[in-house]
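Trainee: Below is one structure. I have some questions about it.
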């Protein structure tokens, strides 16, 4: 089994990979930018094993990228939200999305990212060509491209219409699997 650190690497990229480099982690962060907040919604959208999701969420909380707090709408449940540190990942995440679109995805299926103030599509570097700014995540609107989504889970469907990044998406059911495995809070 591979280790989780790069102890012999004196490099900031190695330190960053120790936090966000494990499989599934960047997809969880992406979904947090899309507004996913509940454990059950992350699990449904990502098809990730619950134990792995619990581990990745714990790591993101422990490293200060997400906060975990009580869900104000559902007793005994939690929501996860990006911290300022987590939100700082937006430019890198956007760059990876654009790179994936350019070299490894079907562009007609890729989400659009627009500057909310002027409705202009962001450029390859995440900037608004009309306004000349790199908008903060909360000033970015995203939407599916209009093609029928390949996924039919409730989160994928809810993410199709136009919406701001970071706008909470609180779907999820009220059944016991809303909790990470081994989480005995109540």
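Trainee: Between residue 110 and residue 148, what is 0.36 nm times their sequence separation minus the Cα-Cα distance? Round to one decimal in nm.
Mentor: Gain on extension, residue 110 to residue 148, equals 12.5 nm.
Trainee: Let me ask something else. Once the convex hull of the C-alpha atoms of region 2-79 is built, how many Å³ does it hold per residue, rounded to a whole number? Before the final figure, lay out the partial values.
Mentor: Details: hull volume 7.6 nm³, N = 78.
Per residue, the Cα convex hull of region 2-79 comes to 98 Å³.
Trainee: Sorted from fewest to most neighbouring beta carbons within 10 Å, what does the list 6, 80, 34 look like? Can you show the working numbers first?
Mentor: Working: 6 15, 80 23, 34 19.
In increasing order of surrounding Cβ atoms, one gets 6, 34, 80.
Trainee: Order these peptides, 112-122, 57-67, by their mean beta-carbon neighbour count within 10 angstrom, highest first. Each step should come with its number before you reach the end.
Mentor: Numbers: 112-122: 15.8, 57-67: 17.6.
The densest-packed peptide leads the list: 57-67, 112-122.
Trainee: Counting helices only, and only those DSSP H runs with n ≥ 4, report the 222 nm mean residue ellipticity of the chain as the sum of -39,500 (n - 2.57) divided by its residues, in deg cm²/dmol to the nearest 500.
Mentor: Values: 7 runs with 63 residues, N = 186.
After summing the helix terms and dividing by the residues of the chain, the value is -9500 deg cm²/dmol.
Trainee: Ok, one more. Just round it to a whole percent: the fraction of Cα-Cα distances in region 44-113 exceeding 20 Å.
Mentor: Details: 1210 of 2415 pairs.
Cα-Cα pairs of region 44-113 separated by over 20 Å account for 50 percent.
Trainee: Which translational diffusion coefficient, to the nearest whole µm²/s, is obtained for region 12-171 from the Stokes-Einstein equation, given a Kirkwood hydrodynamic radius over C-alpha pairs, 20 °C and 1.002 mPa s?
Mentor: Details: Rh = 16.3 Å.
Diffusion coefficient, whole number: 131 µm²/s.
Read-outs: derived from the displayed coordinates by stated rules, not from any lab. This one's a predicted model, so the numbers in the text were calculated from it and none came from an experiment. For neighbour counting, all protein chains shown are included, and Cβ atoms are generated from backbone atoms with ideal geometry for every residue, glycine included.
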